[in-house]
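The values are calculated or read from the model by the stated rules, or taken from the named source; none is laboratory data. What you see is a predicted model, and the numbers here were worked out from it, not measured in a lab. Using ideal geometry, Cβ is built from the backbone for each residue, glycine included, and neighbour counts are taken over all protein chains shown.
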Amino acid sequence: MRVGFIGLGNMGSAMAANLLKAGHEVTVYNRTPGKVQQLLNKGARSAAEVADACRGEVVITMLADDRAVESVVFGEKGGSSSGILGNLKKDAIHVSSSTISVTLSERLAAAHAASGQRFVAAPVFGRPEAAAEAKLFIAVAGAPDAAEACAPLFEAMGQRVFHFGDEPPIANLVKVSGNFLIASVIEALGEALALVGKAGVDQQQYVDFLTSTLFNAPVYKTYGGLIAGKKFEPAGFAAPLGLKDVRLALAAGDTLRVPLPLASLLRDRFLSLLARGGESRDWSAISQLAAEDAGQGTLRAGDPAGQRS
């Protein structure tokens, strides 16, 4: 398939590379041109602007937040002629793999329908290493014909696809709620490790025990290892993105009138981490706030890999 790919961060670069590996014709665009070269070496074509990535059957966006997606879709300062909406051909498909708000997903679905285009929400679960190995889990929602047309692309990027119906915003709600759950696991692990660590238990041994018995799941293995080893830099998923996703969960809760008290706690945890200079750390670094609360040291701005004093 002829595919445009917009957004070449840690996740997007790996996803685009797997599309190339599967034999798709991929045109890539990124605001920072330096990230494009590695994919050009693998056979990708370079887009000088967003419009150049919209010439094929599908354009995929993998961007940081609502603001970035809005800019790319609707054009800078609302100038649609420079965005996806003004350049994607009739019946072509925009696949949004970004973690965005339910509200923006609703807006995108309506805007593409009004322009005679198709929209599929396909946010992904997995860290950069999973993206590189094409082992992402993909939550898909959109018109069945559009979702089916994109099936070869999803197969190239992920290990399993889950369909959540015809309405794209539902996939975004699934993604936001899933990230809220991951953040909750990180917080719980941080508190448990602070508890046993203060008693002198070896934290890595404790994580090995947990993940070999009752908590034998990737989320516990991945984040338990990062927390026990204090491996927070370089970030696989940066702390500001964690704060963004928790806020998206809270916004969805407001709309649906669902209280999310744990999400409120997590929002404050992320704010505390960022206030201590944790912008460049992995979101799992919020776990160290529990150790600080337990009197096991103080996180300092600029400390490498979340070191404590």
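Under the condition of being in a helix (DSSP H, G or I), closer than 22 Å to Gly197 by Cα and aliphatic (A, V, I, L, M), the residues counted in region 260-295 number 7. Among the helices (runs of 4 or more DSSP H) confined to region 100-168, the ones with at least 2 residues that are more than 21 Å from Val246 (Cβ to Cβ) and of a type outside the set (Gly, Ala, Ser) are located at 102-114, 144-149, 151-157. Evaluated against (1) among the hydrophobic types (A, V, I, L, M, F, W, C); (2) closer than 27 Å to Val102 by Cα; (3) touching a residue at least 40 places away in the same chain (Cβ under 8 Å), Ile227 falls short on exactly one condition, (2).
Among residues of region 223-247 being small (Gly, Ala, Ser) and part of a helix (DSSP H, G or I), the one that is surrounded by the most Cβ atoms within 10 Å (Cβ to Cβ) is Gly242. Just one of the listed residues (Ser105, Ser101) is surrounded by 20 or more Cβ atoms within 10 Å (Cβ to Cβ) and touching a strand residue (DSSP E or B) at 6+ places or on another chain (Cβ under 8 Å), namely Ser105.
Within region 95-112, being of a type outside the set (S, T, N, Q) and either free of Cβ contacts under 8 Å to residues at least 12 places away in the same chain or out of contact with any Cys (no Cβ under 7 Å at 6 or more places or on another chain) (or both) holds for Ile100, Val102, Leu104, Glu106, Arg107, Leu108, Ala109, Ala110, Ala111, His112. When Ile186 is tested against (1) in contact (Cβ under 8 Å) with a residue 40 or more places away in the chain; (2) assigned to a helix (DSSP H, G or I); (3) surrounded by fewer than 19 Cβ atoms within 10 Å (Cβ to Cβ), just one condition goes unmet, and that condition is (3). Among the candidates Ala53, Ala47, Ala132, Ala68, the residue that is within 25 Å of Gln159 (Cα to Cα) and outside the structural domain of Thr222 (by TED's automatic domain parsing) is uniquely Ala132.
Take the conditions under 28 Å from Asp254 (Cβ atoms), free of Cβ contacts under 8 Å to residues at least 60 places away in the same chain and more than 17 Å from the chain's Cα centre (by Cα) and apply them to Ser115. Does it pass? No, not satisfied.
Could you go through region 85-97 and let me know if any residue there is in a helix (DSSP H, G or I), modelled with pLDDT of 95 or more and assigned by TED's automatic domain parsing to the domain that holds Cys150. No, region 85-97 has no match at all. Scanning region 9-44 for residues that are farther than 16 Å from Gly158 by Cβ and assigned to a loop (DSSP other than H, G, I, E, B) returns Gly9, Gly23, Asn30, Arg31, Thr32, Val36, Asn41, Lys42, Gly43, Ala44.
Here Asp254 fits the description: more than 18 Å from the chain's Cα centre (by Cα) and either modelled with pLDDT of 95 or more or surrounded by 15 or more Cβ atoms within 10 Å (Cβ to Cβ) (or both).
Selection within region 189-222: residues that are of a type outside the set (S, T, N, Q) and in a loop (DSSP other than H, G, I, E, B). The member of this set that is nearest to Gly178 (Cα to Cα) is Ala217. The condition of being more than 28 Å from Ala228 (Cβ to Cβ) and not β-branched (Val, Ile, Thr) holds for only one of Leu153, Leu136, that being Leu153. Applying a threshold of 6 Å to beta carbon distances and a minimum spacing of six or more residues, or different chains, the list of pairs starting in region 41-60 at a residue that is closer than 15 Å to His112 by Cα and ending at one that is surrounded by fewer than 18 Cβ atoms within 10 Å (Cβ to Cβ) reads Glu57/Met1; Glu57/Arg2. Sort through Ser280, Ser272, Ser264 and tell me the only one that's closer than 22 Å to Val174 by Cβ, out of contact with any strand residue (DSSP E or B) (no Cβ under 6 Å at 6 or more places or on another chain) and either among the aliphatic types (A, V, I, L, M) or surrounded by fewer than 19 Cβ atoms within 10 Å (Cβ to Cβ) (or both). Among Ser280, Ser272, Ser264, only Ser264 is closer than 22 Å to Val174 by Cβ, out of contact with any strand residue (DSSP E or B) (no Cβ under 6 Å at 6 or more places or on another chain) and either among the aliphatic types (A, V, I, L, M) or surrounded by fewer than 19 Cβ atoms within 10 Å (Cβ to Cβ) (or both).
Within region 45-73, being assigned to a helix (DSSP H, G or I) and not hydrophobic (A, V, I, L, M, F, W, C) holds for Asp52, Asp66, Arg67, Glu70, Ser71.
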